[in-house]
Amino acid sequence: MNKPVKIRTTNLCFSYYNHPVLQDVTLQFFENSLTAIVGPSGVGKSTFLMTLNRLWEEIPGARMKGRIEIKFNGSFHDIYARSYSLPQLRRAVGMVFQVPNPLPMSIFKNIALPLKLAGIRDRSLISYKVEQALKRAYLWEEVKDRLTDSALKLSGGQQQRLCIARALILEPEVLLVDEPTSSLDGKAASVIEELLLSLREHCTILAVSHYWDQVKRIADVVVELSNSHHQSNIYHHQKPQPV
Amino acid sequence: MSERISKRVSIIKMKKITTVLLIMACLILGSAGEGVQAGALDSFKDEKGVLKIAGGTAHIPVMQEVAKRIMEINPEIQITIAGGGSGVGIKQVGEGLVQIGNSGRKPTDEEIQKYNLKMFQWALDGVGIIVHPDNKVRNLTKAQVIDIFSGKIDNWKLVGGPDKGINVYTRDEASGTREVFWEKALDKGAISPKANFVASNGAMKSAISKDPYGIGYVSVGHIDETVAPVAFDGVLPTLDNVKQGKYTISRGLYSNTKGEPSGLTKKFIDYLFTPEGQKIVESNGFISIK
Amino acid sequence: MNRLGEKLLIAFSWISGITLVSVVFFIVGHLIFKGIRAINLKLIFGETRPLDALLLRKQVFHGLFPAMMGTFLLVVLSVGLAAPVGLASGIYLAEYAQGKVRKIVNFFFDILATIPSIVIGLTGFSVAVFLHQHYSKQIYPCLLISSLSLSFLVLPYIIRSTQVSLESLPLNTRLTALALGGTRVQNILYVLVPQSLSGILSGLILAIGRCAEDTAVIMLTGVVATAGLPRSVLAPYEALPFYIYYISSEYSSPEELLTGYGASIILLIICMTLFLFAFIVKRRIIWQTFYHL
Amino acid sequence: MINIPEKAAEKLFLLPTVISIAITIGIFGFMLLLGLPLIIRGGHFLNLLAQSWAPGSGLYGIYPMIVGSLSIASLSLVFAFPLSLGCSVLISVVGHEVFGRFLRGVVQLMTGIPTVIYGFVGVFLLVPRIREIFQRGSGMCILSASLMLAVLISPTMILFFTDSFDHVPKSYGQAAEALGASKGQKFLYVTLPCAWRGVLTGLILAGGRALGDTLIALMLAGNAIQIPGSVLDSARTLTSHIALVFAADYESLEFKSIFACGMSLYLLATLLVLGARGLWHRNEGEK
C-alpha cells in the first residue's frame, strides 16, 4: 500500500471488568482507504473502533492500555494525551453505529445536532451544511421536502444514511463504521456500500464487517482480529479492483 | 422554514406568559375591593395585614364569626384562626408566634409575668359533662364523675344506665377545658389511661354525638341537640345556672396579648367588647360579661 | 400439590381481588353517595359570587375556595422548590456518581423516601420555631415553611423518577451525542434529559399529587382551620386535606359534615386525575415540546 | 448555546445532591438536638423507649406509643399480606384477561387515594360498624385503624409482588410447564421461590408505610396512652403522638418527647431501608 499512514496503534490492550478483550494490538491504517476489520464475534471489533474516538470511556468497567496516534495537520498526535480535547477528537473521528440511532427529532435537527454541539449558530451556514451532508450521504433527494418530519419515520436504510450524514457534517478525517448494514435488507445495504466507497476520497474509513462478500466488495485493506490470546493476527490484502 | 416554526412556538410561549401575568395582575389588583358601611367595624377599614389567632378551641366559633365580619368589610385583612388548646394559645402569644392567644383558663401568674401577658376576659363559660342523646343517664354525682373518669366505674349499669362499657373521652394536656374540668369536677383526680383523646371542643361534641356509650366534657357554648348535657350534683350545665353561679364548673374565656395590644390586634379585641361583639358571644352559647 | 390445592389457590386469589375491588368501590361509593349533592358552586364559593372570589374582590366564607387556593399555592411552591434540586440530584446520580459515592447517595435518598411525613413536618416546625427565636420574628409556621417541608417530602420522588428515566435510556442513545463531539453536559441537556422527559414529568406529577394529599406535614407547619386566602407566603393558610381532617372531627352540623364529603370528593378527583395523568404521560412521548424547530 | 465547563457542571449537579443529603441528615440532627434535654434527663435514649407515659410522676417514656405503632402496623400487615398476595396471584399468575387488568388498574388508581380520605371514610363508615359488631369500646381502636391501613398499604405490596413475579425469567416457568406442572404448581414451586426476596422487600416497604402513616391512626385509633390489651383497645402511635402534642409548650418535657418519637421513627425507617436494600441488592446480585 503506497498511501501514507493515518492512524497507528501500539500495544493496545483492552478489558471489560478485568476480562481481556484486546491484547497487544499493533496496527496501521492508511489515509483515504477503507479498511475492513473482520474476525469472529466477541473478539472486540466494536471495542477496537471505540478506542479510536475514546468512546469506550463512557462504558463502565472498561480499561485500556497502549498508545494510539492519529495524524492531524501533518503530524501524529497521541489522542490519549492529557492535553488532547475529547470533543475535538470526536469531531475529527466520526462514528456510525451498528443499529441506526437517530434521535427522536426532525431530520434537519438530527443532522444539525453536531453543529449545535460544536457551537455553530449561523443559521444559513447550518442549512447549507445540512444540505451538503445529506447530498454526500445520498439522502437529499429522498428527504429534501420533509426535513421537519421526525427522523424516526424514515426507513432503516434511510436512518442509517441519516446517521452517516450526521457524522459527515463535521467533515471528519476518520470515519468509524460498525457493521453498518447488519440491520438492513440487501437493497438498502448496497446503497450504503456504494456510499462508503465514495466517501473514501474524503476520509479514512474503518469498517467492521461480518460478511466476507461485503469485505471483498468494498475493502482496500482487511485486518483480522483473532481470538488467539497473545497476538492479533493481521492480514493485509490488496483489494481486487472493482471492474 | 425552521425559523418560522420557532417563531410560532415563541409566540405561543409569549401568549402563555401574558396569560400568567394577566392572572397575576388580577390577583394583585383584584384584592383591592370595596368596603361596606357597618358601624362598629368602621375602624377596620384602613387596616391591613395578617392577624393570627391560636389557642382555646371553645373560642373558635366566636373568633370565626368576628373574623368573617372584619374580612367581609376589608378583604385586605387576613385573620387566621388555629386551635391547639389554651396552653398552646398562651405559649404561642408569649413567643410572639401569634398576636392573640386564647385560653379557656386564666393564665397563671408565672405565665403572665414571663411573657408580659395582657388578658381580656370577654365571656363566661361552663364546662359541661355530655353523653349521647340516647343515653338515659342524665345525672351524676361528683363522686360518680370522679370514678367514671378514673376508670373505677366502667359500666353504665353502675350509674343507672344500660349494661354497656363506658367510653371515656378526654382532651390533651394543653386544653384549658380539661384543666378546668380536672380541677373543679375531678378534684385533680386521675384520668383513665384508657380514655380516648380528642383535639378540641368541637371534636369532643362530634365524638360523643356518634358514640352511644361515650362520656366527655365540653364548653357549655358547644352543647346542642346532638349531645345530652348531664347534671352535675343535680345542677344542669345551662347558661342560666352558670350565670347564677349554681353550676360550679365554670370559667372565663380569655384572649391574651403580649403587652398592650395595638393596631389591628387592639381593634379586634375592642370589637369583642362592643355590643355587636357581645351579641356574637351570646349567640354562640356563652355568657356575655356585660 | 393436588387439584384441590390448586383450585383453592385460585379461589383465594379471586376472593382477594374481589374483596379489594369491592372495598375500594365501597369507599369511593360511600363518598359519592353521601356527598354528591354537596357538589355545587356554593360548596366552593359559599355566598360569594364566584367571579368576585376568583378576582379576589371578596373573601369566601363557608366555602372551599380558600382551601383549594391554599392547596394550589402549596403545590406550586413545593414542587417549584423541589424540582430543580430533585432534577439536578437525579442527574448527578444517574450520570456522574459512581462506585461508593453512588451507593451512599442512594442509601440516603432511600432513607429520605422512607422517613414518615410527620417527622418531616416536625422538622419543618422546629426549623420555623428555631428561626423565629434566633433570626426573625417574622417567621413562624406558614405557607413558606409548609412548602419547604413538603419539598423535602417529594424530593425523593423527583430524584428517583429522573434517575430511573435517565438510567433506562439505551446505550446507543447515550453515546450518540458523545460520538458526535458533544461534551457530557451537552449530552445531558440536549439528548438525555429531553429523551427521559416523560419519565421525569410523571415523577413531577406524582410529586404534585403527594403535595396535594399530604396532611401530616402541613398540620405541623402552618395550616389552620380558618385563614381566608393567604396574603403572603409568610402567613398561615387553609388546605383541602386538612379541611377534611378538621371537619371529620369538629363538624357541628350535618351541613358542615356534608361540605367535608364534598371536599373529599374534590380532593379525590384531583389526586386521581393527577395519578392517572402520571401513568398516561409515562407512556406518551412528549419530546415535541422540547425539540421544536 | 450553553457552554458550561465540564468540571463546573459536575459541581453544579453535585451541590443539590449534597443539599438533599444534608436535609436527610439534618432531619435527624434536629430531632437529636431538640430531644436532647429529655434524653439527658431520662438518662438514656433506650430508657426513654422503655419507660411508660406518666407526666404526673415525671415519666415521659414513649413505650406505649411504640407498642401502639408496632401493633397497628403489624396487624395491618396481617390483613393486607394475604389479600395482596391473592391479588397479585390473580394479576400475574391466573392472569385473567379482563379482571386481572381491571384489578391492576384499580390498584394503580388506589395509590392516588389520599390518606385523609381513608381516615374520613373510616370515621363515618368503619368505626360505628366496629362498635356495633363487637359491642365493646368506642369503635376507635387498633382494629379499625389496622383495617383501614391494610387498604392503604395493599397497593404498595401488590405492585411490588406482581413486579417480582413478572421478573422471574419466563424460561423457568416454561421448564416447569414442560415437566407437566399446572399453573398453581408453577407458582408455588417456581415463581414464589424465585421471587421471595421481592415479596419480602414489598412487605418491608409496606410495613414502613404503615408505621409512617399519621392520619389513619390519628383519626381511627382513639389515641389513648396505654399499653393496649386487645385489638379493640384504643391506642396511640408514635406518629399521632407527634400530631397531638406538637403544639404544646415548647419548653415542657412533654413537648420534647415528640422528638424522641421522631427519632424512633427515623431509626425505624433507616432499619427498614437497610433491610430492604440488603434483600434487594442480594437479589440483583443473584441475577
### Message
Checking buried surface per residue: for region C:101-117, which residues lose a minimum of 30 Å² accessible area in the protein assembly relative to the chain alone (1.4 Å probe)?
### Response
C:PHE107, C:PHE108, C:PHE109, C:ASP110, C:ILE111, C:LEU112, C:THR114, C:ILE115, C:PRO116
### Message
Can you give me the % of accessible surface on region C:1-100 that is carbon or sulfur? Probe 1.4 Å, all protein chains present, nothing else counted.
### Response
73
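With Kirkwood's inverse mean 1/r over C-alpha pairs for Rh, give me the Rg to Rh ratio of the protein assembly as shown, two decimals please. If you can, show how the numbers build up before the last one.
Numbers: Rg = 35.8 Å, Rh = 33.5 Å.
For the protein assembly as shown, the value is 1.07.
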#### Entry: Protein-protein interface of region D:215-249, residues with accessible area decrease of at least 40 Å², isolated chain reference, 1.4 Å probe
D:LEU215, D:GLN226, D:ILE242, D:LEU244, D:PHE246, D:ALA247
### Contact surface D-B: accessible area buried, both sides summed, square angstrom, 1.4 angstrom probe
1800
### Task
List, in order, the whole-Hz ³J(HN,Hα) value for each residue of region C:138-154 obtained from phi through the Karplus relation with A = 6.51, B = -1.76, C = 1.60 and θ = phi - 60°; use x for Gly and Pro.
6, 9, 7, x, 7, 4, 5, 4, 4, 5, 4, 5, 4, 5, 4, 4, 9
#### Entry: Highest-first arrangement of C:122-130, C:182-190, where packing means the average Cβ count within 10 Å
C:122-130, C:182-190
## Note on the structure
Taking the alpha-carbon centre of each part, the distance from region B:144-220 to region D:149-221 in Å is 44
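Among rounded, prolate and oblate, which fits chain D when a ≥ b ≥ c are the square roots of the eigenvalues of its C-alpha gyration tensor, a/c under 1.5 means rounded, and a/b larger than b/c means prolate?
Details: a/c = 2.16, a/b = 1.28, b/c = 1.69.
The shape class here is oblate.
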### Summary
Between chains D and C, total accessible area buried, probe 1.4 Å, no ligands or nucleic acids, nearest 100 Å², roughly 7300
### Separation in nanometres of the label points that stand 7 Å from Cα toward Cβ, at A:PHE76 and D:SER57
9.0
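Take the Cα atoms of chain B, build their convex hull, and give its volume per residue in Å³.
On the way: hull volume 55.7 nm³, N = 290.
Each residue corresponds to 192 Å³ of Cα convex hull volume.
Would you work out what percent of the accessible area of chain D, with all protein chains in place, is carbon or sulfur (probe 1.4 Å)? Show your work: numbers first, answer last.
Values: 7470 of 11170 Å².
Carbon and sulfur together cover 67 percent of it.
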### Task
Place the peptides A:59-68, D:113-122 in order of packing, highest mean first, counting for every residue the other Cβ atoms within 10 Å and averaging per peptide.
D:113-122, A:59-68
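For n ≥ 4 DSSP H runs only, could you compute -39500 (n - 2.57) per run for chain C, divide by its residues and tell me the 222 nm figure to the nearest 500? Kindly include the intermediate steps, with their values, before the conclusion.
Working: 12 runs with 202 residues, N = 293.
After summing the helix terms and dividing by the residues of chain C, the value is -23000 deg cm²/dmol.
Would you calculate a helix-derived [θ] at 222 nm for chain D, using -39,500 (n - 2.57) for each DSSP H run of n ≥ 4 and dividing by the full residue count, to the nearest 500? Don't skip to the end; give the middle numbers.
On the way: 13 runs with 206 residues, N = 287.
Mean residue ellipticity at 222 nm (helix-derived): -24000 deg cm²/dmol.
For the pair A:LYS144 and D:LYS7, what calculated FRET efficiency results from E = 1/(1 + (r/R0)^6), where r is the Cβ-Cβ distance and R0 = 41 Å, to the nearest 0.05? Don't jump to the answer; show the numbers that get you there.
Numbers: r = 42 Å, r/R0 = 1.03.
Efficiency, rounded to the nearest 0.05: 0.45.
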### Message
Taking the Cα centroid of region D:224-287 and of region D:84-114, what is the distance between the two, rounded to the nearest whole Å?
### Response
30
### Query
With Cβ to Cβ distances under 12 Å as the rule, what net charge do the other residues near C:SER151 carry (K, R +1; D, E -1)?
0
#### Entry: Surface share of carbon and sulfur [accessible, 1.4 angstrom probe, percent] for region A:5-238
48
### Summary
GNM of chain D, Cα pairs under 10 angstrom: of D:LEU218, D:LEU103, D:LEU14, the biggest fluctuation goes to D:LEU14
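Quick one: accessible area per residue over region C:39-292, 1.4 Å probe, rounded to a whole number of Å²? Walk me through the intermediate numbers first.
On the way: 8920 Å² over 254 residues.
It amounts to 35 Å² per residue over region C:39-292.
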### Message
Which of the three applies to chain C, rounded, prolate or oblate, going by the alpha-carbon gyration tensor with a ≥ b ≥ c and a/c under 1.5 meaning rounded?
### Response
oblate
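Would you compute, from DSSP H runs of 4+ residues alone, the mean residue ellipticity of chain A at 222 nm, taking -39500 (n - 2.57) per run and dividing by the full residue count, rounded to the nearest 500?
Result for chain A: -9500 deg cm²/dmol, rounded to the nearest 500.
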### Query
What is the interface area between chains B and C, defined as buried accessible area summed over both chains with a 1.4 Å probe, reported in Å² to the nearest 100?
2800
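Using a cut-off of 13 Å between beta-carbons, work out the net charge of the residues near A:TYR84 (Lys and Arg +1, Asp and Glu -1, A:TYR84 not included).
Values: positive: A:ARG54, A:ARG67, A:ARG82, A:ARG90, A:ARG91; negative: A:GLU57, A:GLU69, A:ASP78.
Overall, the nearby charge balance is +2.
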### Query
Long-range amide H contacts for D:SER52: which residues qualify at under 5 Å (H placed 1.01 Å from N, peptide plane, sequence gap of 5 or more or a different chain)?
D:GLY61
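In peptide D:258-267, what is the residue-averaged number of other protein chain Cβ atoms found within 10 Å of each Cβ?
Averaged over the peptide's residues, the number is 4.
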#### Entry: log10 of Debye I(q)/I(0), alpha-carbon scatterers only, for region D:1-139 at 0.13, 0.15, 0.18 Å⁻¹
-1.01, -1.06, -1.12
## Note on the structure
The summed charge of the D:ILE225 Cβ neighbourhood (under 12 Å; Lys/Arg +1, Asp/Glu -1) stands at -2
### Message
List the residues, sorted by chain then number, that are 5 or more residues from D:GLN226 or on another chain and whose placed amide H is less than 5 Å from its amide H.
### Response
D:ARG236
### Message
Given a 1.4 angstrom probe, what's the average accessible area per residue across region B:126-250, in square angstrom?
### Response
37
### Summary
Simple SL model, points at 7 angstrom along Cα→Cβ for B:LEU158 and C:LEU234; separation in nm is 5.6
### Task
Collect residues whose amide H, placed 1.01 Å from N in the peptide plane, falls under 5 Å from the amide H of B:GLY214; neighbours closer than 5 in sequence don't count.
B:HIS132, B:ASN167
### Loop trypsin sites (Lys or Arg not before Pro), region D:174-260, which have at most 16 other Cβ atoms in a 10 Å radius of their Cβ (DSSP)
none
### Potential extension, A:GLN132-A:GLU57 segment - 0.36 nm per residue separation minus Cα distance
23.9 nm
### Task
From other protein chains only, count the Cβ atoms within 10 Å of every residue's Cβ in A:117-124, then give the mean.
3
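Classify region B:126-250 as rounded, prolate or oblate, taking a ≥ b ≥ c as the square roots of the eigenvalues of its Cα gyration tensor: rounded when a/c is under 1.5, otherwise prolate if a/b is larger than b/c and oblate if not.
Numbers: a/c = 1.23, a/b = 1.16, b/c = 1.06.
Verdict is rounded for region B:126-250.
Which entries in B:LYS68/B:LYS290; B:LYS164/B:LYS194; B:LYS194/D:LYS256; B:LYS45/C:LYS137; B:LYS106/B:LYS205; B:LYS48/B:LYS114 show an alpha-carbon gap greater than 19 Å?
B:LYS68/B:LYS290; B:LYS194/D:LYS256; B:LYS45/C:LYS137; B:LYS106/B:LYS205; B:LYS48/B:LYS114
Hey, what's region A:5-238 come to in accessible area per residue, 1.4 Å probe, Å²?
Details: 9980 Å² over 234 residues.
Accessible area per residue: 43 Å².
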### Query
At a 1.4 Å probe, which residues in region C:208-238 are at least 50 Å² less accessible with all protein chains present than in their chain isolated?
C:GLU213, C:MET219, C:THR226, C:ARG231
### Task
Calculate the mean, over all residues of peptide C:262-272, of how many other protein chain Cβ atoms lie within 10 angstrom of the residue's Cβ.
3
### Residue of D:VAL67, D:VAL18, D:VAL107 that the Gaussian network model of chain D assigns the largest fluctuation, springs spanning Cα pairs under 10 Å
D:VAL18
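The values are calculated or read from the model by the stated rules, or taken from the named source; none is laboratory data. Remember, predicted model here, so these are calculated numbers, not experimental data. Heads up, the Cβs are rebuilt from the backbone with ideal geometry, glycines too, and the neighbour counts pull from every protein chain shown. In case anyone asks, the SASA skips ligands and DNA or RNA and just uses the protein heavy atoms, side chains included. Shrake-Rupley method; radii C 1.70, N 1.55, O 1.52, S 1.80 Å.
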